[in-house]
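The values are calculated or read from the model by the stated rules, or taken from the named source; none is laboratory data. As the structure is a computational prediction, the values presented were derived from the model and not from experiment. Please note: Cβ atoms are built from the backbone with ideal geometry, for glycine as well, and neighbour counts cover all protein chains shown. Each accessible area value is taken on the protein alone, full model and side chains, heavy atoms only, with ligands, DNA and RNA left out. Shrake-Rupley method; radii C 1.70, N 1.55, O 1.52, S 1.80 Å.
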Amino acid sequence: MTLVWVVGLVSAQALSFDEALALAETSPALEGQRRALERQARLAADVPVVVANPAVFIQPGVRRASSGAFGPEAYLGVSQDVSLSGAGVSRAQSARAEVEAAALGRGVTRRQLRLDVAGAWLSVWSAQASLAAAREEARLAKDWAAKVERGATSGGFTRVDVAVARAWLAEAALTALSLEGELFTRGVALNRALGRPRTTPARAASALPDLGPVEREPPPLPEDVSTTLPVRLAVAEAEAQRRRANELLAGRGASLQVGAMGWREGVGDIAAVATLQLTLPLFERAQRERAVAEAAVARAEAATDGARADELAERTQAHHELEHTTEVLTVLEAQLLPATLEAAAGIERRFDAGEATAQELVLARRTLVAARGRRVSALAESVLARFRWRELTREAP
């Protein structure tokens, strides 16, 4: 892998932050859930109130009269079972509750996918920015090493100075190579997060997303999480479990079977009767199935409390990260980076004047490179913290 190849690939396949989020909306994970939800909702809307289909029966035969005559005979009947315990209504309510839970589940998946894609994109951006800085440092190290070697021929620098310069050049080159590999891995991870079938890693555009001005003081932490998607999903799943339990009970409740039967006897007589059959839930009331359903209800109700605790913990952590990443970035940009820049420039002037060793200059450059790398990472972490806070606190549909 060459640096030229990497730079060309970056420019050819760069995705902006917003483009990556837009691609996430059409990812296989969300598309699969969307199609599943459409089919589930369409069929759930057609759940009938009558839970049993009519039964029709016919009994053809023959009858021999006492006189010895034969004649054809046929019985024709129809019956319909009608629930007296609202089984059809319970089934329809259960189906609608399951659709609502599935819709909220897709919303939770979408929110998490957006967070994953945002993190993957910023990870790629951070690797690209670090690689650009490493390439520049490698170029400077190459020029400096050539300068030291030329000076050594005239006695201006020692063999130790030459060795230190060559070592720093090799270290800078290895850093760039390491970042190339890291960029490749992170680009593949971004493709995976987006669900894109690509054989080349994704790349990020150079511009960071515009999330508005950075607030030095974080906004207050909202403690009411009842309207957030994960909590609403947990509540909906608990309600769906309760509806399923009610459906089981109603399905084994009292029912009335109404019907009619007519027949023609072998001698030509025709008759008809109406039939009524009442089924009472004296013994079998779906106790076996309801035992499992009620246990699921209890777990779902407990999961609702757990979802509230989890979501509040997510917000608390995100609130802390919002404040912490801003403070770290401020210290890096206002204190550490200017100080390391000034120190490196000063030691380089002293080295050129013969007042500092090559080792001192390399240590100063190494500190500067580390500070620049930390600044890039801190900038990406700050953007991710702000995006995460916005996603966790935005009003969900």
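Could you check how many residues of the stretch 371-385 are out of contact with any Ser or Thr (no Cβ under 8 Å at 6 or more places or on another chain) and either of a type in the set (Ser, Thr, Tyr) or free of Cβ contacts under 8 Å to residues at least 24 places away in the same chain (or both)?
0
Out of (1) farther than 30 Å from Gly105 by Cβ; (2) at pLDDT 90 or above; (3) open to solvent by 60 Å² or more (accessible area, probe 1.4 Å), the odd one out for Arg244 is which?
(1)
List every residue pair whose Cβ atoms sit under 7 Å apart, with the two residues 6 or more apart in sequence or on different chains, where the first one lies in the stretch 310-328 and is over 18 Å from Val235 (Cβ atoms) and the second, anywhere, is modelled with pLDDT of 90 or more and open to solvent by 60 Å² or more (accessible area, probe 1.4 Å).
Thr325/Glu381
Which residues, counting only those in the stretch 16-64, are free of Cβ contacts under 8 Å to residues at least 24 places away in the same chain, assigned to a loop (DSSP other than H, G, I, E, B) and either of a type in the set (Val, Ile, Thr) or touching a Cys at 6+ places or on another chain (Cβ under 7 Å) (or both)?
Correct list: Thr26 only.
Any idea which of Val162, Val89 is within 35 Å of the chain's Cα centre (by Cα) and on the phi < 0 side of the Ramachandran plot?
None of the other options fit; the residue is Val89.
Which residues, counting only those in the stretch 324-359, are of a type in the set (Asp, Glu) and surrounded by 16 or more Cβ atoms within 10 Å (Cβ to Cβ)?
Residue satisfying the conditions is Glu348 alone.
How many residues, within the stretch 22-58, are under 22 Å from Asp269 (Cα atoms) and open to solvent by less than 100 Å² (accessible area, probe 1.4 Å)?
Final tally of qualifying residues: 1.
Among Ala95, Ala129, which is closer than 30 Å to Gly253 by Cβ and either open to solvent by less than 40 Å² (accessible area, probe 1.4 Å) or part of a helix (DSSP H, G or I) (or both)?
Ala95
Restricting attention to the stretch 331-350, which residues are closer than 22 Å to Val383 by Cβ and free of Cβ contacts under 8 Å to residues at least 40 places away in the same chain?
Those that are closer than 22 Å to Val383 by Cβ and free of Cβ contacts under 8 Å to residues at least 40 places away in the same chain: Val331, Ala334, Gln335, Leu336, Leu337, Pro338.
What number of residues within the stretch 70-91 satisfy the criterion of being surrounded by 20 or more Cβ atoms within 10 Å (Cβ to Cβ) and not charged (D, E, K, R)?
3
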